[in-house]
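Step one of this worksheet: look at the structure below.
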Amino acid sequence: MLKRLDLRGHGNDPGDELADLLPRPQAGDSVPAEAVRELIAQVRDGGDAAVRELTARFDGVELASSLVPPEELAAAWEGLPTGLRSAMETAHRRVLDFHRAEAAVGHTYESDGVTVRSLNQPVDRAGVYVPGGLAAYPSTVLMTALVARAAGVDDIVLCSPPGPDGSLPVTVLAAACLCDVAEVHRIGGVQAVAALAYGTETIRPADVVAGPGNAWVATAKQLVAGDVGIAAAFAGPSEIVVIADESCPPAAAATDVVLQAEHGPGGRAWLVTWDPGCADAVCDAISKIVELSPRREETLATLDADGFACLVDGPAQAAAVANFVAPEHLQLMCKDADELVGSIRHAGAVFVGRWTPASLGDYVAGPSHVLPTAGTARFAGALTTDDFTKRMHVVDVTEAGFDRLAPAVAELAEAEGLWAHAASVSRRKEWVASGVQP
């Protein structure tokens, strides 16, 4: 079920490149970008009519309106079972508290008569995308909307693909109500990203679009970037790398390999170990778990396409493999796991020890579970409040500060041939002396 890779004795010399030994998919490789671009243009030019046509084509449902009435959100929340409502409230509290605590605060810098205040200004409107189809993801509502809320965004619009009957899962609607989402629309796929980016007759465009999705959704976000802010990196199909050794119960490691694979096709699920017995035991356990899983087909689709059991020489090489793969989730289930963290440079989120499955991060640990995939953790990280804010600088200079710094400005401006830049400081004293206030 997992393809075997044996790196023992390889990849440790300068001439041995992991790139020659390991597979690494590229973001969006499986998606025809031109087809996505055409769908985006269709929505940008056709508005609501185009959204309805594409919803009928891809979701098999015709909707007169995509908007979910606000009373349906309230009814969904009120109708939740007590246990689920309590779980959502727990997640809500922890996610919101974490991101409020992590949110960057402004600061003031003073030097030579110059005072610069750095202010974090939230965007006016955030668009969040919540996947659907194979499963319902109320957790993604919390992990996107609450990050925007913690950043200070007041206006949040949510899009999620409708089911065959044209509705959204009750749990998703309930989570939207709990997060005080202003609008919920039954729109999925590329058409949702385009509607959030460019707006339609009934949907005002957002300033930032956030949320995970399949490769088509992730590619669409890449293509609209620049016309709208795109939060975080390539948040595509789910991935996990589990580093384990003989100290880890095989069933635990196996379950944690499978937990991200069950999201369905397109992701990655890796086991990395320096113990051949551990590899055999975990692979056997995975086979048994998959056979019992209600999501057997979705899990197999991931494991068969990009499931690997990788044998390495030791912890150092395991860390090198993890850094090369740059996974969305990295789970360390080995002796001295905390010491290994210092060797990890590229991962969306790292989960340390046998009591920290990635599922805790998916729901209640606090940080957003919207993480970089397809190797983009090499240069990007998790969704944070920074994705919904802009840094604005306010500069205030005293006359004494001006006198100290004006000569440097004039010299630099003259070197660049910018006469007005130089004149703005070299002649300012003359203008003030003549009664003209700057």
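The values are calculated or read from the model by the stated rules, or taken from the named source; none is laboratory data. Since the structure is predicted, the reported quantities are computational estimates derived from the model, not experimental observations. We place every Cβ from the backbone using ideal geometry, glycine too, and count neighbours over all the protein chains shown. Ligands, DNA and RNA are excluded from the accessible area calculation, which covers all protein heavy atoms including side chains. Shrake-Rupley method; radii C 1.70, N 1.55, O 1.52, S 1.80 Å.
Figure the gain on full extension for E339 and D45 (residue separation times 0.36 nm, minus the Cα-Cα span) and round it to one decimal in nm.
Gain in length upon complete extension: 100.4 nm.
Could you tell me the convex hull volume per residue, in Å³, taken over the Cα atoms of region 314-431?
Cα convex hull per residue, to the nearest whole number: 212 Å³.
What 222 nm value per residue comes from the helices of the chain, counting each DSSP H run with n ≥ 4 as -39,500 (n - 2.57) and dividing by all residues, nearest 500 deg cm²/dmol?
It lands at -13500 deg cm²/dmol.
Once fully extended, how much extra length lies between E297 and D403, figured as 0.36 nm per residue of separation less the alpha-carbon to alpha-carbon distance?
30.9 nm is the gain from fully extending E297 to D403.
Taking the inverse of the average 1/r across all pairs of different Cα atoms in region 251-327, what Kirkwood radius in Å do you get?
Taking every pair of different Cα atoms in region 251-327, averaging 1/r and inverting gives 12.6 Å.
So for region 73-204, averaging the separation of alpha carbon pairs under 8 Å that are six or more residues apart and normalising by length, what relative contact order in percent results?
Reported as a whole number, the value is 28 percent.
Mind giving me the nanometre distance, one decimal, between the label points for K390 and L67, set 7 Å out from Cα along Cα→Cβ?
2.7 nm
Would you please give the residues with an amide H less than 5 Å from that of E239, counting only those at least 5 places away or on a separate chain, with H modeled from the backbone geometry?
HN-HN under 5 Å from E239: R268, E328, H329.
If I take R0 = 25 Å and measure r between the Cβ atoms of D124 and E201 in this structure, what FRET efficiency does the formula 1/(1 + (r/R0)^6) give, to the nearest 0.05?
The calculated FRET efficiency here is 0.80.
So what is the diffusion coefficient of region 184-274 in µm² per second by Stokes-Einstein at 4 °C and 1.567 mPa s, using a Kirkwood Rh over Cα pairs?
Using the Kirkwood radius from Cα pairs, D works out to 85 µm²/s.
Using amide H atoms built 1.01 Å from N in the peptide plane, name the residues 5+ places from K390, or on other chains, whose amide H lies under 5 Å from its own.
Q121, V123
If you put +1 on each Lys and Arg Cβ and -1 on each Asp and Glu Cβ, how big is the dipole of region 292-423 around its Cα centre, in Debye rounded to 20?
About 500 debye.
What Kirkwood Rh does the chain have if only Cα atoms enter the pairwise 1/r average? Answer in Å.
In the chain this quantity evaluates to 24.1 Å.
Name the shape class, rounded, prolate or oblate, that the alpha-carbon gyration tensor gives for region 204-347, where a ≥ b ≥ c are the square roots of its eigenvalues, rounded holds for a/c under 1.5, and otherwise prolate holds if a/b is larger than b/c and oblate otherwise.
oblate
Please report, as a whole percent, how much of the solvent-accessible surface of the chain comes from carbon and sulfur atoms (probe radius 1.4 Å).
54 percent
According to a simple spin-label model (label point 7 Å from Cα along Cα-to-Cβ), what is the distance in nm between D284 and D20?
Those two pseudo-labels are separated by 3.6 nm.
Roll a 1.4 Å probe over the protein chains and send me the accessible area per residue for the chain in Å².
Heavy-atom accessible area per residue stands at 46 Å².
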